[in-house]
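Take a look at the structure below.
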Amino acid sequence: MTITYALNEIEKAAASFAGYLEESGMKVVIFNAPMGAGKTTFITQVCKVLGVTSVLSSPTYAIINEYATAANGPVYHMDWYRLEDEHEAIDAGVEDALYSGNYCFVEWPVKAEGLLPAHYINAHIHIVSETERRIEFNLS
Amino acid sequence: MANIILAIESSCDDTSAAICADGKILSNVIASQAIHEAYGGVVPELASRAHMQNLLPTVNAALKKAETELGKPLSFTDLNAVAFTQSPGLIGSLMVGCSYAKSLALTLNIPLIGVHHMQAHVLANLLSDPAPEFPFLCLTVSGGHTQIVLCHSPLNMEILGETIDDAAGEAFDKTAKLIGLPYPGGPLIDKYAQSGTPKFALAEPQIPELNFSFSGFKTSVMYFLQKQNKENPNFIGENLNDICASIQHHIINILMKKLVKAVKQTCIKNVCLAGGVSANSGLRNAFKAAGEKHRFNTFIPEFQYCTDNAGMIAITAYHQFLAEKFENLSVSPSARAEWGK
């Protein structure tokens, strides 16, 4: 599936994406995109749709951010950019998050792809222009 | 004898141990190559396994150093409390410090103190001489955090503003990556900036109230570089110093605008910096200049208390000790803990 969105309409795109996510029954989503494409920004909006009540921020340094929701369980927002390999990912506790049954959004998944569950949603964000992005996603 | 506290910090990449006696730091040891050489190991890169290897030698080194400072023998049985970083941080890393502190508290039958890492960054300023008087404002800037905190008393703080996406340190490191500097490139930006002039205008985000945003700034740097590279493929190489100076200027400008706004809103005259990014020379200068211009007193902790360190955990634990704010042994660490609301 593909959604093209203007940056000032990102809430709408995030809501459609969250709808797809809930219908699919998938809990883990990986995001591939160059730096500056807006991975954190898009995930932040999706988290808001999912009812996250915590302050959202970039997980680059923390590796795993855990957000509380009003009604559902926690949401995990991860960034594997700083990890060297799967061992470091395991040490950082990413498996606990991935297999918790809660929503997990993973930026820079390439560092530890082997740890991902059998099925997840694979999303790519493309920079169309300074004001426009295109997100493509499918089941893996 | 004084109240002696051992503090452990293991929230992120560095393992650190400190000893404090009646609020005075006797030792503040951060695991380094030297400790590993002394014990015949290597420094692992990241995460909990590294903390497990580092912790005991680091605690021993902290005890030894404190002994020298005290001028008399010091052993575990002299400790009156043990403190650890409870949150926020990497859960696996926090767990190592927490388990160690718990076992020590149980064995020695002494109080256990859980410390919030961000609160500790702020209170690192109490280790300065002179220390700021309460109430004071603190701008905490590090790789993972950017916050303006109003500190009423040691254990009463309020977050006035914080980042809604990337932290300031992350903005330095990621824009450095965009210009091809090795990661983490924040310190390199500072270095090159010193020989450049901030002649390139970059878009600064307009965020309401006292909150920060650096994600959009990072993207505007990316567009700027793409545009310039199209016209001149050697643009970055030919203008590295000026690009770094411009990036640094804008990041600091974003920080200072909000800090000055907070000073004006609160009318507080004592203002502190904290966190690893307070090592940035441009930020230190801009902070002092803002203090002169807007007439507030400026405080910056010694460098060893700016980056992640157990000294700041110890001074915070000392105040919790006085207030008898202890944890029981069932306490667990938390990757993320909201506070100051």
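The values are calculated or read from the model by the stated rules, or taken from the named source; none is laboratory data. Just so it is clear, the model here is predicted, and its values are computed rather than measured. When we count neighbours, we look across all protein chains shown, and the Cβ atoms used for this are built from the backbone with ideal geometry, even at glycine. Accessible surface areas use protein heavy atoms only, side chains included; no ligands, DNA or RNA. Shrake-Rupley method; radii C 1.70, N 1.55, O 1.52, S 1.80 Å.
Worth pointing out:
- Projected label distance in nm at A:Asp85 and B:Ser99, using a 7 Å step from Cα toward the beta-carbon: 2.2
- Diffusion coefficient (Stokes-Einstein, Kirkwood radius over C-alpha pairs, 10 °C, 1.306 mPa s) for the protein assembly as shown: 68 µm²/s, rounded to a whole number.
- Both radii were evaluated on the Cα set of the range B:141-238; the Rg over Rh quotient, with Rh as the Kirkwood radius, amounts to 1.06.
- Per residue, the range A:2-139 exposes 40 Å² of accessible surface when a 1.4 Å probe is rolled over the protein heavy atoms with every protein chain present.
- Distant-in-sequence amide H partners of B:Ser27 (H built 1.01 Å from N, under 5 Å): B:Ile19
- Sequence-distant residues sharing a close amide H with A:Thr69 (under 5 Å, placed H): A:Thr53, A:Val75
- Derived scalar couplings ³J(HN,Hα) [the range B:108-125; Karplus, 6.51 cos²θ - 1.76 cosθ + 1.60; whole Hz; x for Gly, Pro]: 8, 6, 10, x, 10, 10, x, 10, 7, 4, 6, 5, 5, 4, 5, 6, 4, 5
- Cβ distances below 4.7 Å define possible disulfide partners, and in chain B the cysteines left without one are B:Cys12, B:Cys20, B:Cys98, B:Cys151, B:Cys244, B:Cys267, B:Cys306.
- Adding -39500 (n - 2.57) for every DSSP H run of four residues or longer, then dividing by how many residues the protein assembly as shown holds, sets the calculated 222 nm ellipticity at -12500 deg cm²/dmol.
- Electrostatic dipole magnitude of chain B [Cβ: Lys, Arg +1; Asp, Glu -1; Cα centre; debye, to 20]: 620
- Between the residues B:Leu181, B:Gln119, B:Ile236, the greatest Cα displacement towards the positive end of the dipole of chain B, with unit charges on the Cβ of Lys, Arg, Asp and Glu, is found for B:Ile236.
- Per-residue average of Cβ from other chains inside 10 Å of A:85-93: 5
- Pairs of Cα atoms nearer than 8 Å and 6+ residues apart set the relative contact order; for chain A it is 33 percent.
- Options A:Ala37, A:Tyr5, A:Leu50, ranked by Cα towards positive dipole end of the range A:2-139, top entry (Cβ charges): A:Tyr5
- Candidates B:Asn297, B:Asn125, B:Asn234: whichever shows maximal mean-square fluctuation once chain B is modelled as a Gaussian network with Cα springs under 10 Å: B:Asn234
- Distance violations [Cα-Cα > 19 Å] among A:Lys12/B:Lys174; B:Lys174/B:Lys230; B:Lys258/B:Lys288: A:Lys12/B:Lys174; B:Lys174/B:Lys230
- Protein accessible area in chain B, 1.4 Å probe - carbon and sulfur %: 52
- Residues of chain B: accessible area per residue with a 1.4 Å probe, Å²: 41
- Globularity ratio of chain B, using Cα Rg and 2.2 N^0.38 Å: 1.04
- When the other protein chains are added to the chain by itself, burial of at least 30 square angstrom of heavy-atom accessible area (probe 1.4 Å, ligands and nucleic acids ignored) affects these residues of the range A:64-81: A:Glu66, A:Tyr81.
- Relative to the longest principal axis of the Cα atoms of chain B, the long axis of helix B:47-70 makes an angle of roughly 70 degrees.
- For the range A:2-139, the calculated P(r), taken from all Cα-Cα distances in 5 Å bins from zero up to the bin holding the longest distance, is 2, 11, 22, 25, 22, 14, 5, 1 percent.
- Cα centroid separation - the range B:109-143 against the range B:189-230, whole Å: 30
- Using θ = phi - 60° and Karplus 6.51 cos²θ - 1.76 cosθ + 1.60, couplings along the range B:234-241 (whole Hz; Gly, Pro as x): 9, 3, 5, x, 6, 10, 3, 5
- Under 5 Å, built H, 5+ apart or other chain: amide partners of B:Glu302: none
- Portion, in percent, of the accessible area of the range A:2-139 that falls on carbon or sulfur, probe 1.4 Å: 49
- GluC sites (Glu not before Pro) restricted to the range B:100-189 and DSSP loop, no more than 13 other C-beta within 10 Å: B:Glu133
- Between the range A:99-140 and the range B:285-341, the alpha-carbon center distance in angstrom: 36
- For the chain pair B and A, the buried solvent-accessible surface (1.4 Å probe, both sides summed) amounts to about 2600 Å².
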